[in-house]
Amino acid sequence: MAYVYNTSVLQLNGYNIPYEGVFPAFLFASLNYMIILFCNLTLILTIVMNKSLHEPMYLFLLNFPINDLIGSSALFPQLIKEILVNSKRMEFSACVAQAFFIHIYAAGTVFILSAMAYDRYVAICHPLRYNTVMTNAHIMKIITLVWSSCVIFIAVLFILLLRLRRCRSKLSNPYCDNPSLLTLVCEDKTINNIYGLFISALSQVIANGMVLYTYLRILIACFRTRQSDTKAKALQTCATHLFVFLLLECLGLFTIISYRVKDVPPQIRRFLGVSTLIFPPTLNPIIYGLKTKEIRDKVINFLRMKIVYH
């Protein structure tokens with residue numbers, strides 16, 4: 001059997017959209033991407049341009065829309081191009097770049113939520129020590145640790161992948177990620193599988209452990225306090241974070257399971273993979289913008305000023 005090693009062009013398993021559905025699909029994808037760009041950029045600019053929001057909670061939150069833009073921008077341009085052209089072909093280098101940033105997005109989401117949970121824990125459970133603990137230097141250390149951990153973990157993942165020779169050129173998905181790229185390899189993938197499971201398990205242990213511990217302590221502190229307004233505000237903040245966390249965890253867990261279970265239909269696997277990159281980046285800025293009063297007020301005031309000015 002003749003193998004074609006390290007081919008530079010990959011064949012994607014396209015979305016198979018019928019001709020009459022091309023324009024609605026293009027319109028939906030384009031509008032969805034524009035909404036993601038608008039909402040996340042609005043959230044970023046609102047936090048950056050208002051000094052009153054230069055507090056630990058919002059500095060951590062600032063990383064969320066940045067991470068969402070990384071994930072959605074890794075998917076949507078290629079998705080829109082595929083809908084229009086339907087070539088089902090992609091350069092290997094572009095495929096690796098897309099997969100790298102998709103995994104950076106996935107890891108970043110988990111670690112950023114963990115950092116935000118830690119911030120809320122200190123703010124609610126140790127309010128008198130909050131300003132002493134959450135200094136600018138400490139915040140920068142946490143943010144640097146979050147992003148450097150993501151880059152190092154994912155870089156090693158793809159270094160292990162790129163050392164292997166490929167003997168296939170057809171992907172099972174219409175987008176690129178590490179499990180799909182591993183299906184192109186005909187060499188021993190044991191080290192890759194072990195490392196992939198290791199970083200998945202480590203990130204889940206850190207995220208779930210941090211969120212479970214901090215929010216359990218927060219709930220205990222909330223029910224002990226006699227100030228109803230403080231309790232309501234704390235519970236509202238926790239509910240927002242927990243909703244986002246559970247949404248991401250469910251989508252991510254179902255996606256991982258779909259790769260491990262061979263009986264899962266490929267259509268469901270594709271939908272789960274794409275939904276992880278569509279729903280959270282669309283909902284996160286809307287959820288935080290609507291549920292966080294300070295941000296909501298700043299955005300409304302900014303829009304009012306623009307309308308009055310014009």
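The values are calculated or read from the model by the stated rules, or taken from the named source; none is laboratory data. All values derive from a computational prediction rather than experimental measurement. Reconstructed Cβ throughout: ideal geometry from the backbone, glycine too, with neighbour counts over all protein chains shown. Heads up: the accessible areas ignore ligands, DNA and RNA and are worked out on the full protein's heavy atoms, side chains in. Shrake-Rupley method; radii C 1.70, N 1.55, O 1.52, S 1.80 Å.
No disulfide-compatible partner, judged by a Cβ distance under 4.7 Å, exists for the following cysteines of the chain: 39, 125, 150, 222, 238, 250.
Label positions at residue 253 and residue 193, each projected 7 Å from the Cα along the C-beta direction, are separated by 2.4 nm. Summed over the residues of the chain and divided among them, the accessible surface reaches 55 Å² per residue at a probe radius of 1.4 Å. Between residue 86 and residue 242, the contour length at 0.36 nm per residue exceeds the Cα-Cα span by 52.3 nm.
Taking amide H positions as modeled 1.01 Å from N, with prolines and chain starts lacking one, the residues under 5 Å from residue 166 and 5 or more places away or on another chain are 6.
Give, to the nearest whole percent, the P(r) tail of region 93-166 beyond 19 angstrom, counting all Cα pairs. Pairs farther apart than 19 Å: 48 percent.
The lysine pair count for the chain, using Cα distances under 13 Å and pairs eight or more places apart or on different chains, is 5.
Close amide H partners of residue 10, meaning residues 5 or more places away or on another chain with modelled amide H under 5 Å apart, are 90, 91, 92. Long hydrophobic helices in the chain, taken as whole DSSP H segments with a C-alpha length of 30 Å or more on their own axis and mean Kyte-Doolittle hydropathy at least 1.6: 22-49, 136-162. On the accessible surface of the chain, probed at 1.4 Å, how many percent belong to carbon and sulfur atoms? The value for the chain is 69 percent carbon and sulfur by accessible area.
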